[in-house]
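Remarks on the structure that follows.
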Amino acid sequence: MKTSGRGMKFKKHRAFSNKISIKSTAFKGSVLGLLTASLFTLAGCSDSEVGDVSLGLFTTKDIKIDALQDPVVTGVTCHISSIEANLDLSDPSDSSIACRQTGPITAEMLEAIDKSDSGEVIFKKSKSVFFKNMKLRRIYDADSKTLIYLSYSTKETSGSYKHSLSTVPLWETLAFKKST
């Protein structure tokens, strides 16, 4: 009888030990999940963010609005809106862009930019852990004296590379007056 009693105690002890093991594994998983969520949330934080619109209580997706000043043509500011999916592994590729003259644009600024047909990337933001980026590229149209800003995704989604376009005409700017 005593042997079976000890065996019973041993079985109870092992079951108790298994519960502790299961609980500590669940705890480790919870901590790991919280750390991962924190990293994704921090990765979405941006110094240039000027707006954040929630898409509802039952979704983890928000519309984020960033204001970006062109690093060379500092008289241009672009506002880019895009969907960010907090706690999801990827974000949608759609974005919208509007660029406006917000300060002086000089001939010296135009001389300093890349005037090739493909222009230059002036901003890049990671949109997924699967190597998807959103890029903002500046292209100069010399014939119409216009700066073109193209926002685009670097990964194909539903058979398309999502993109959006905005232009800033140089009419009546210091750069336009000096070049004519």
With a 27 Å threshold on alpha-carbon distance, the violating pairs from 135/177; 115/162; 115/135 are 135/177
For residue 111 and residue 171, extending 7 Å from Cα along the Cα-Cβ vector and measuring point to point gives, in nm, a value of 2.7 nm
For the residue 72, residue 94 Cβ pair and Förster radius 22 Å, calculated FRET efficiency rounded to 0.05 is 0.20
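Throughout, read-outs are computed from the coordinates displayed, never taken from laboratory work. Keep in mind that this is a model prediction, so the values were computed, not measured. A quick note on method: Cβ atoms are made from the backbone with ideal geometry, for glycine too, and the neighbour counts reach across all protein chains shown.
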